[in-house]
Amino acid sequence: MGAPRRVHLRTYGCQMNEYDSEVIAGLFEKDGWVLTDDEAVADVILLNTCSVRRHAEDRVWGALFDLRERAMREPGLIIGICGCMAQAKAQEIARRCPHVKVICGTRAFNRLPELVARASEGKGGVIDIDMTREPYLADLPKKRRCRLKAFVPIMRGCENYCTYCVVPYVRGREASRAPEEVLSEVESLARDGCREVMLLGQNVNSYRDGGVSFAELLRNVAGVAGIERIRFMTSHPKDFPDELIRAMAEIPQVCRHLHLPLQSGSDKILERMNRSYTFESYRGLVGQIRGAIPQIALSTDILVGFPGETDDDFKQTAHALDEIGFDSAFIFKYSDREGTRAYELKPKVEEEIIVRRHAELLSMQEKISMEKNRKLLGASLEVLVEGYSPRNPERLFGRTGTNKRVVFGGGGDLIGKLVYVIIREATPLTLIGEEI
Ligand code: SAM
Ligand code: SF4
């Protein structure tokens, strides 16, 4: 028997891609392959890609062009691309990068080992971007990076068609997983030592399978012994019934953190984005959630520079950020994506203005996050210890239920445990403390 073949996997983009990469790794391992972090020794190099912003795609184009020379030197090397960019740009990739031998769309990632095997037979490039196929929802073998925490997709696709977003085009229509599927995956994770699950979906709270709503699914997942924390993302403000708020408040395992993208504080822009809510209704929802769960920490996504965003619209977003007081926010510069409805919208905001507005909101949010974290000085917070701090291996790192990063001193025996930490210092992104 020859040496096992080695596959190197690079992941770009969101949590769904990270999960898909764990599955892809698991499938290759099951087929007898070895995963390697060292690209130089790999027989197959796979890029699992994102298409949401132009910048993400530019990074992948750069990586593909960098690999061209090596592919010429090593004709046996298989370079493959999968994920959203493979789905969106298959023809362009095939034309500009003939050294890429496998192009695998979002509905075919479970077939990657087979596509690679076909490509190694040397009959030219293999492309599978069939979107008519049902999304793959069954549990598949996985190579998990972390035993303690795991992603669990509960749905795939999105049908919201926010006008700026490529996801509905590259991930296809929405499909929820059967609750028994989700539960059996969570149970198997719990048996394997997992203590925290993150339920994933592009629009996680629109989950519905037959009579089972997202709120009911949360209650079922909370019934799995050993799972101490449940998180979920991303929630859309338009799908937030009282039943869900009640479930979040009542289930102790549901973490006191909610990621609730606002995108803009201007109703005119929200309408042009096709977000189906107004700032007033968003503010009302936040009031209800905070009323029911006072300890909840909120985070959000904000998009600056959407076509037609005036100074006044921008001021409304800045005002919204200030008024809601998010614990943290991802602030993105609008990226024009061909094929979306916003691509056709005018007037475009000048890049220079987008850069300025982006910087302004970042600095504003930094102050808000700092203020929020400063209020935690002296508090004792429950932390799930995930490992050693990446910046300072002498210290431990973990997260609170409210998703705050905490760094503190302690021995490796605490990893995987829930401990209480008293907070002594605060920065906008991290709390520093001592175990009690
Ligand atoms: N489904 C989730 C939701 O509705 O909030 C988020 C998914 S999306 C991939 C993650 C974030 O990327 C969005 O909330 C939005 O702020 C940002 N995003 C999407 N399209 C974008 C674009 N064309 N340019 C810049 N940011 C974008
Ligand atoms: Fe994109 Fe909107 Fe769907 Fe989120 S809800 S994935 S932003 S279309």
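Please work out if GLY265 is of a type in the set (Gly, Ala, Ser) and buried (at least 22 other Cβ atoms within 10 Å of the Cβ). Answer is yes for this residue. Whether a residue is closer than 30 Å to ARG68 by Cβ, β-branched (Val, Ile, Thr) and at pLDDT 95 or above was assessed, and VAL126 does not pass this test. Scanning segment 141-189 for residues that are assigned to a helix (DSSP H, G or I), within 14 Å of ligand 1 (Cβ to nearest atom) and within 17 Å of VAL204 (Cα to Cα) turns up VAL167, PRO168, ARG171. The criterion of at least 2 residues that are touching a residue at least 12 places away in the same chain (Cβ under 8 Å) and farther than 28 Å from TYR161 by Cβ is met by the following helices (runs of 4 or more DSSP H) wholly inside segment 221-299: 242-250. Of the residues ILE368, ILE353, the single one that is at pLDDT 95 or above, more than 24 Å from VAL254 (Cα to Cα) and more than 26 Å from the chain's Cα centre (by Cα) is ILE353.
Annotation note: of SER206, SER235, SER264, the sole residue that is over 17 Å from the mean Cα position of the chain (by Cα) and within 16 Å of ligand 2 (Cβ to nearest atom) is SER264.
When ALA119 is tested against the conditions (1) free of Cβ contacts under 8 Å to residues at least 24 places away in the same chain; (2) assigned to a helix (DSSP H, G or I), the lone failure is (1).
Take the conditions in contact (Cβ under 8 Å) with a residue 60 or more places away in the chain and of a type outside the set (S, T, N, Q) and apply them to CYS194. Does it pass?
Here the answer is no, as CYS194 does not meet what is asked.
Only one of the numbered conditions (1) in contact with a strand residue (DSSP E or B) (Cβ under 8 Å, 6 or more places away or on another chain); (2) in a loop (DSSP other than H, G, I, E, B) is not met by THR340, and that is (1). Residues in segment 8-17 that are buried (at least 16 other Cβ atoms within 10 Å of the Cβ) and either without any contact (Cβ under 8 Å) to a residue 12 or more places away in the chain or within 25 Å of THR340 (Cα to Cα) (or both): THR11, TYR12, GLY13, CYS14, MET16, ASN17. For segment 34-72, the tally of residues that are of a type outside the set (D, E, K, R) and within 16 Å of ligand 1 (Cβ to nearest atom) stands at 8. Exactly one residue out of CYS158, CYS165, CYS146 is within 16 Å of ligand 2 (Cβ to nearest atom) and more than 24 Å from SER213 (Cα to Cα), and it is CYS165. Within segment 352-369, the residues that satisfy the criterion of being touching a residue at least 24 places away in the same chain (Cβ under 8 Å) and of a type in the set (Asp, Glu) are GLU360, GLU366.
For segment 31-60, enumerate the residues that are in a helix (DSSP H, G or I) and either surrounded by 21 or more Cβ atoms within 10 Å (Cβ to Cβ) or in contact (Cβ under 8 Å) with a residue 12 or more places away in the chain (or both). Of everything in segment 31-60, those that are in a helix (DSSP H, G or I) and either surrounded by 21 or more Cβ atoms within 10 Å (Cβ to Cβ) or in contact (Cβ under 8 Å) with a residue 12 or more places away in the chain (or both) turn out to be GLU39, VAL41, ARG54, HIS55, ALA56, GLU57, ARG59, VAL60.
As a summary of the residue check, PHE28 satisfies the conditions (1) aromatic (Phe, Trp, Tyr); (2) out of contact with any strand residue (DSSP E or B) (no Cβ under 6 Å at 6 or more places or on another chain); (3) surrounded by 21 or more Cβ atoms within 10 Å (Cβ to Cβ) except for the one numbered (2). Set side by side, the residues GLY172, GLY211, GLY193 differ, and just one is in contact with a Lys or Arg (Cβ under 7 Å, 6 or more places away or on another chain), over 29 Å from ARG147 (Cβ atoms) and at pLDDT below 95, which is GLY172.
The values are calculated or read from the model by the stated rules, or taken from the named source; none is laboratory data. The shown structure was predicted, so the numbers you read here are calculated from the model rather than taken from an experiment. A quick note on method: Cβ atoms are made from the backbone with ideal geometry, for glycine too, and the neighbour counts reach across all protein chains shown.
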